[in-house]
Structure formats: C-alpha cells, structure tokens
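Single-structure report; data block below.
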10 protein chains.
Amino acid sequence: MIEFLVHITLRLPHDMPAEQADALRAAELRRGRELVDAGVIKRIWRLPGTTENVGIWAAHDPTELHAVLAGLPLFPWLTVEVTALALHPIEDR
Amino acid sequence: MIEFLVHITLRLPHDMPAEQADALRAAELRRGRELVDAGVIKRIWRLPGTTENVGIWAAHDPTELHAVLAGLPLFPWLTVEVTALALHPIEDR
Amino acid sequence: MIEFLVHITLRLPHDMPAEQADALRAAELRRGRELVDAGVIKRIWRLPGTTENVGIWAAHDPTELHAVLAGLPLFPWLTVEVTALALHPIEDR
Amino acid sequence: MIEFLVHITLRLPHDMPAEQADALRAAELRRGRELVDAGVIKRIWRLPGTTENVGIWAAHDPTELHAVLAGLPLFPWLTVEVTALALHPIEDR
Amino acid sequence: MIEFLVHITLRLPHDMPAEQADALRAAELRRGRELVDAGVIKRIWRLPGTTENVGIWAAHDPTELHAVLAGLPLFPWLTVEVTALALHPIEDR
Amino acid sequence: MIEFLVHITLRLPHDMPAEQADALRAAELRRGRELVDAGVIKRIWRLPGTTENVGIWAAHDPTELHAVLAGLPLFPWLTVEVTALALHPIEDR
Amino acid sequence: MIEFLVHITLRLPHDMPAEQADALRAAELRRGRELVDAGVIKRIWRLPGTTENVGIWAAHDPTELHAVLAGLPLFPWLTVEVTALALHPIEDR
Amino acid sequence: MIEFLVHITLRLPHDMPAEQADALRAAELRRGRELVDAGVIKRIWRLPGTTENVGIWAAHDPTELHAVLAGLPLFPWLTVEVTALALHPIEDR
Amino acid sequence: MIEFLVHITLRLPHDMPAEQADALRAAELRRGRELVDAGVIKRIWRLPGTTENVGIWAAHDPTELHAVLAGLPLFPWLTVEVTALALHPIEDR
Amino acid sequence: MIEFLVHITLRLPHDMPAEQADALRAAELRRGRELVDAGVIKRIWRLPGTTENVGIWAAHDPTELHAVLAGLPLFPWLTVEVTALALHPIEDR
C-alpha cells in the first residue's frame, strides 16, 4: 500500500439549500468513517477555522486513490491536492 | 497533546565538507529516532526526489514544539513550516 | 492557553439582501465583543481599506479554537488563516 | 500612537563566525527587551520551528517605526514586513 | 499626516444594471474629486488597460484612512491594498 | 512626460566591505537628490523596516527611464519594478 | 511612439447568450483589425489552448494606450497586463 | 511533429443540468479517443483527486495545437496550459 | 508499475570547476540512458532555454522512485518535483 | 517557422571580474546582432530598470530554439522562459 498526503478544501455554493448541504455533509461523514474503518483514511485532521482537512490516505496506486476520492458525496465541491509519500529512513529501521 | 503537520526542507551548502555533512545527517537520524521513540514524531515521510519531509509531531504547545525543532542537529539548515491541527469529526466518535 | 494569530477575510455575496447582511454583521459584532470579554480575542485590528481583520486569539488547543471560529455568525462567508504562536525569548524573562 | 503588525525573518549567513552570531543575537535580545520596556514592542511571538517572529509594534508614524527597525543590531540580516493596523469596531466601544 | 500608497481594483458584477453602474461611477468620481480638493488624495493614476488605480493618500492614521476608503460609493466592489510610507532620506534634507 | 511607479529593492552582499557600501550609499543619495532637483524623481518613500523604496519618476519614455535607472551607483545591487502610469479621470478636469 | 507588451485574457460569463458573445467577438475582431491597420497593434499572437493573447502595441503614452484598450468591445470581460518596453541595445545600432 | 506538455483543468458550473454535463463529458471522451487514435494525444493521465489531466500532445505547430484544443467539446470550461518540449539528449542517441 | 511526472531543475554553482561539471554531466547522461533502457524513464524532454527537464518515470512506489532519483550523479544540485499519475479514462478502454 | 515569446533574465555573480563581465556582455551583444540579422530574433526589448529582456524569436521547433539559446555566451547566467505562440485571427486574414 502507498500512503498519500491529501489536502481537501470544501466550498459549497452559498445558494445551495440548507437541507441539501446538510444531507451531503452527513453522507460525507458516513463515507469518511467507512473509509477510516476500511483503512483507506489512516488519519485525518481539520485545519482550524476552515472547511479544509488534511489526511493520510492509503491505496495500491494513484488510480485506486482517485476512484475513492471521486466517489465522495461532496466531490463536485472539493479541491483536492495529492502528494505521494515515500518511506523515511527515520521510520525504516 | 496537540498534533502538528510539520514540513521540513533541508538545504546544506554545497561547500560543506562531506564528513561534516555525514556527521550531521547521522546525528539528525539518531535524534529523529529518539523523537519517534518518545512519541514526539508520530509519523514521518520523505517527499520523493527531494530532501524534504512531512511529519506528524505531537507537543503540549507551540513553544514546546519549537524547542524540539530548534534543537535538531540540522536546524540551522532547515526551513520548517508548522500547521496546528484540530480533531476532525470523522475521527471524533 | 495557546495564542494564535488569526487573519480573517469577509466576503459577502453582492446579492445578499442588505437587511440580512446588516443583521449578520450586528450579530458578528455582538459575538466578537463576547469573545473579547471572555478573553478569547485578546486583540483585534482592521486591515485598513478592507473587510479583513487580524487578531490574537487564545484557546486551549486548535480544536477549541476551531469550534469558536466555526460558530461565528459570519463563518460561511469567512476565509480564516490560523498561525499557532510560541513564546518569544524577548518576553520570556 | 499607531500599531503595526511586524513580521521579521532572520537569516544569518552560514559562514558567520559563531561568536559574532552569538554576540549579535545577545545584543538583539537586549535591544528587544528595551523596546518592550519602552512600549514600542507591545507583544512578540516566535513562529514555531523558524527564526521568524511576529509582533505588535507602536510608533507615532512609519518614519519613526523605520528608525527603530533599522537600528536593530541584526537589521542587515532581517527581512521585515510591516502592516499598519486600524482600530476594529469590536474593540471600539 | 501619514502618506499611504493605495492600490485599488474595481470589479463590478457583470449583471449589475448599466444605470446603477453609471450612477456609482459618477458618485465615485465626485467623491474622488472632493478627496483631492481636501488633500486626502494627493495623486492618483490609472493602471493602463485596467480598472485599477494607484494613489498617494494622506491621513492622520490608518483608522482615519479606513473610514475614508470604507465610505467610497464603490467600496463594496473594491479590493484595496494599503502600504504605509516612511520619509525617504533623499527627500529629507 | 510620462510618470512611472518605480519600486526598488536594494540587497548588498554581506561580504561587501563597509567603506565600499558606505561610499556607494552616499553616492546614491547624492544622485537621488540630483534626480529630485531635475524633476526626474517627483516623490520617493521608504518602505518601513526595509531597504526598499517606492517613487514616482518622470521620463519622456521607458528608454530614457532605463538609462537613468541603469546609471544609479547602486544599480548592480537593485531589483527594480517599473509600472507605467496613465492619467486618472479624478485628476483630469 | 512607445511600444508596450500587452497580455489580454478574455473570460466571458458562461450564461451570456451565444448570439451576444458571437456579436461581441465579431466586433472585437473588426476593431482589432482596425488597430492593426492603424499601426496600434504591431503584432498579436494567440496563447495556444487559451482565450489569451499577447501583442505589441504602440501609443504615445500610457494614457492613450488606456483609451484604446478601454474602448475595446470586449473590455468589460478582459484582464489586461501592460508592460512598457525600452529600446534594446541589440536593435539600437 | 512537435510534442507539447498540456495541463488541462475542467471546471463545470455547479448549475449546469446533469444531462448537459453528462453529454459533454461523453462527447469529450469520444473526441479524446479519436485524438489518441490519430496520434495527437500520445499519452494522457488523470491527476488523482481532481478534474485535471496532463498529457503529451503532438502537432506541427502551436497554431494547429490550438485548433485542436479549441475544438474540444468542453473547451469553454477548460483552463489549458501548454509547454512546448524540446528533444532531450538522453533520448537523442 | 506507477507512472510519475517528474520535473527536474539543475543548478550548478558558478564556481564549480568546468572539468567537475563536465564529468558530472557525462555521468548523469550515462545514468539517464541506463534508466531509459531499464524502462524507468519512459520519456524525457528538455524545457527549451533552460536546464530543466520533464519526464515520465515508472516505479513500483514512491520509495523506489526516490531511491532512483537520490542516486543520480547530479542529485545534490537538482530540484525535483514529483506528481503521481492515475490512469485516464481516455486510455482506459 | 514558429514564433516564441522569450523572456530572459541575466544575473551575473557580484564577484565576477569586471573585465570578464564586460567581455561576456560584448560577446552576447555581437551574438544577439547576428541572430537579428539571421532572422532568429525578430524583435527584442529591454524591460526598463532591469537586466531582463523580452523578445520574439523564430525557430523551426523547440529543439532548434533551445540550441540557439543554450549557445548564448551568457547562457550559464540566464533564466529563460519560453512561450510558444500561435497565429491570432486578427492577423490571419
């Protein structure tokens, strides 16, 4: 498995009806927890004061990672930056 | 404990003697492993193709984190970016 | 308590009705003064010519700070940048 | 008095002799504390992991502020960004 | 009096009715000329090819400058950057 | 005559002998005052805390302006940004 | 005559009716050819894959150039960057 | 034939009807495959987590490349960056 | 195998002896051709006018890619940017 | 022939002997005039106040352009940005 640093920014349009936004956020939260349980999201944090998060995601390759990200309920409103990570010698002992 | 995303770039001057650079890198690696063992560095990765790394560090507050970073053997040659991280609702259940 | 430098930019959509904008701004001002009285906002300034401000905020950790910021009446229209601050040796004597 | 947000980055050349660097840093610390006592530096913080600081400085005008900054012992090695600050309505009551 | 370099960018929404835009622009021009006559705007230039201008503004302090800028008829559609200016030794003789 | 906004940053190498730097700065100051007297530099300000200045320069065309700037004693150590300015309708009455 | 490097980006709103967009583009093309015939646009190129162009424009001064640019049929939807050009010694012989 | 690195970002407006977006995406996919078959698109990749792609395109010159790109069904919603590529000595043997 | 877009910038210090620079460049060229023969570098191009190149590299994972890049003879003088690439539906049929 | 917009920045190290710098600049000027005479450099301008120039260069393809640029006497001290240009419909009639 390859680990990726994934930085996600959410921007919902201001004219989206509140119930639609709430339903999307709830679906996103459920899906996020499934991905944690499946070991795809290994850690995730909120950037304070924002609707951004950073996380450590695991996938066999970038194509698999893309499929997971593109399937998120909020994907059409996300800006996603992906950085592939290599093993660091501090951990490699 | 607070978690921080820490992005570190190392730039050694090209005219540093090889034995000095090697000694500094070895000391940095030893110190890094101590910090892993002490739970300060929770995870760390190499950005492929570079002398940069990103890691998840834990400290009681930014002042304690600064003391640890400023004490790294390679500190005079590092550029460090620190981002304080908040708990994400996906993990908070 | 940890101190944070918080830079906030407000952008209201031009088609928001004036009374809604006025009510939001009044609620934000009231909430801001409560946060000053509670010691959460220690200082705050207007960047001249803009709808931006910078302030010094105090919280136990980034998660608490996020909760306060995300609860601001104008939060959906804010862009927020948070920088965690460490003690400086000039003040540490 | 006008308040300014001042962001200072220190970059000492790697080939400066250690005793010179130490003497300059000690002189800067002494001068910094004089400026705190004189009410010119109202607050100052270290950006963790760096040789940067941010502070709130007070002066009658930008010319006076420049004179103080240009007189710092480390001035030739500093990059300084100055932002003039206006009163915020949250504090103006 | 303190002098400020003020860079202003105007962006009117494309769906603003032409008569509203014309009325706002005429009011802005009148107010601009009042500010020139009052010595607040000391010089102002158009950046060619754009709806941006740069000018030299004078005020007792940033709070007074903000009040003037925030009172411009076009203020809701302006992006304003303010730089406080110090006396230069070439002019100080 | 065309007016230009000129932003100049000076960076002297740290290993320049002090007497050379002092002589260059004195020559630059003398030349600057000649340019003020000649009406080429119409106004000039220090950016506080820096070795940068902004000024309003006048020349018949960019080629003439370049000749003046390239003839400054400190030119080899300057970074210069030139913006050609157009008449603004506020002043054009 | 002064030559200017002019970089123009066109962004039409997606909800502009096709016939309006077509009419504006045709008027812009006609006006562009008039400006070529008049010697104002000396050369112009498309940046491939974009709705941007770069060109060499000639005018007596920035104010005259602004008048021409502000009179383009598509001006309200253009972002324009103007760089004043000086004679180069390679050509000056 | 000249090879170009082409970086394409797609941003569909959120209020585009789903059937229109689906039809456009299907047409784009068909056209993309035609361009692969014709040897114009030599390789193309998805940037994971995004609606961006990078590809290696071949054309006789930038004008031909522009014609192909401007003819894409999704062109009005694309941001395209084109970099002309030269032969590298590693391959030139 | 995973494909990566790799952008490499070479900056040799101006005071490196010419024979050392020539030897390093020759070794880099030999190593580059080995990597082409081994299928690690699938394509590589020169960015015209620069000492930069972009290429398509293949590796099992970012750690393997890092090992190859860090082993290049010119590695200490390279700035490397790595982007992990996913399969694009145009090619996936 | 393909036309390219070429932006060149020259930065000579401050410790280069004056006679070497003068000889290089003279050789560059001679070579530049040869390229003008050969129709490779179609136009070239100085950016006022700088050691930068922009020009319109012509070549059969990016590989040929690179060979010309890499052969400039000052090439080791140049930063070069190349933009391939397409025919614009205003000129295409």
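Looking at G:G49, is it open to solvent by less than 30 Å² (accessible area, probe 1.4 Å) and on the phi > 0 side of the Ramachandran plot? When the stated conditions are applied, G:G49 passes them.
Against the numbered list (1) farther than 27 Å from A:I8 by Cα; (2) surrounded by fewer than 19 Cβ atoms within 10 Å (Cβ to Cβ); (3) among the acidic types (D, E), H:D22 comes up short only at (1).
Taking the conditions exactly as written (surrounded by 16 or more Cβ atoms within 10 Å (Cβ to Cβ), farther than 29 Å from A:F4 by Cα and among the hydrophobic types (A, V, I, L, M, F, W, C)), does I:L35 satisfy them or not? Considered against the rule, which asks whether it is surrounded by 16 or more Cβ atoms within 10 Å (Cβ to Cβ), farther than 29 Å from A:F4 by Cα and among the hydrophobic types (A, V, I, L, M, F, W, C), I:L35 comes out as no.
What are the residues in segment B:43-93 that are basic (K, R) and either out of contact with any helix residue (DSSP H, G or I) (no Cβ under 8 Å at 6 or more places or on another chain) or part of a loop (DSSP other than H, G, I, E, B) (or both), if any? If the condition is that a residue be basic (K, R) and either out of contact with any helix residue (DSSP H, G or I) (no Cβ under 8 Å at 6 or more places or on another chain) or part of a loop (DSSP other than H, G, I, E, B) (or both), then B:R43, B:R93 are the ones that fit.
Considering only segment E:44-64, state which residues are under 10 Å from the mean Cα position of the chain (by Cα) and away from chain G (no Cβ under 14 Å). The answer is E:G55, E:I56, E:W57. Any idea which residue in segment C:31-42 is nearest to D:L87 (Cα to Cα), counting only those that are among the β-branched types (V, I, T) and not in a helix (DSSP H, G or I)? Restricting to residues being among the β-branched types (V, I, T) and not in a helix (DSSP H, G or I), the top hit is C:I41. Every condition in (1) open to solvent by 20 Å² or more (accessible area, probe 1.4 Å); (2) away from chain J (no Cβ under 14 Å) is met by I:V6 except one, and the failing one is (1). Residues of segment A:32-50 that are within 13 Å of A:L72 (Cβ to Cβ) and of a type in the set (K, R): A:R33 alone. When the criteria are applied in full, J:E28 meets the requirement of being in a helix (DSSP H, G or I), touching a residue at least 40 places away in the same chain (Cβ under 8 Å) and of a type outside the set (A, V, I, L, M).
When E:E91 is tested against the conditions (1) within 14 Å of chain G (Cβ to nearest Cβ); (2) open to solvent by 50 Å² or more (accessible area, probe 1.4 Å); (3) of a type outside the set (S, T, Y), the lone failure is (1). Would you confirm whether or not segment F:65-79 contains a residue that is of a type in the set (S, T, N, Q) and either open to solvent by less than 60 Å² (accessible area, probe 1.4 Å) or more than 14 Å from chain D (Cβ to nearest Cβ) (or both)? Looking through segment F:65-79, none of the residues is of a type in the set (S, T, N, Q) and either open to solvent by less than 60 Å² (accessible area, probe 1.4 Å) or more than 14 Å from chain D (Cβ to nearest Cβ) (or both).
The values are calculated or read from the model by the stated rules, or taken from the named source; none is laboratory data. Note that this is a predicted model, so its numbers are computed, not measured. Using ideal geometry, Cβ is built from the backbone for each residue, glycine included, and neighbour counts are taken over all protein chains shown. With ligands, DNA and RNA removed, areas are computed over all heavy atoms of the protein, side chains included. Shrake-Rupley method; radii C 1.70, N 1.55, O 1.52, S 1.80 Å.
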